[in-house]
Amino acid sequence: MNTKSMLAHRIHAYDFAILELELYLDTHKNDTKALMRREAFIKERNALIKEYETRFGRFVVTKKDIGASNGWTWVNDPWPWEYKESEL
């Protein structure tokens, strides 16, 4: 797995963990340990996104990223089925 994929995978893992903690906190709102863990996960996720964007560009593509070109630049990247096994 290359660095770009590894960083994206770690970010998604934190997204999952944060969501699961939020679901847990829906029914356990006074669990301070879970609240502190959620905050730590958010900080780590934000640091990973910052690292990703420093190295590879935007992590999340928004309408603002389109600009005046009226097209998404990410469509120029290889599609999942276009990657060679050595690039994964």
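Of the residues that sit in segment 1-29 and are assigned to a loop (DSSP other than H, G, I, E, B) and of a type outside the set (D, E, K, R), which one is farthest from Arg58 (Cα to Cα)? If you could, list the steps in order and put the result at the bottom.
Of the residues in segment 1-29, the ones assigned to a loop (DSSP other than H, G, I, E, B) are 1-2, 28-29.
Applying the additional criterion that residues be of a type outside the set (D, E, K, R) yields 1-2, 28.
Details: Met1: 20, Asn2: 17, His28: 35 Å.
Checking each candidate, the answer is His28.
Residues in segment 42-88 that are modelled with pLDDT under 75 and at positive phi: Gly67, Asn70.
Pick from segment 30-60 the residues that are part of a helix (DSSP H, G or I) and of a type in the set (Val, Ile, Thr): which of them is farthest from Pro80 (Cα to Cα)?
Among those residues, the one meeting the criterion is Thr32.
When Asp26, Asp31 are checked against the criterion of being surrounded by 14 or more Cβ atoms within 10 Å (Cβ to Cβ) and farther than 24 Å from Leu7 by Cα, a single residue qualifies: Asp31.
The values are calculated or read from the model by the stated rules, or taken from the named source; none is laboratory data. Owing to the predicted nature of the structure, the values given are computational and were not obtained by experimental measurement. Neighbour counts run over all protein chains shown; Cβ positions are idealised from the backbone, glycine included.
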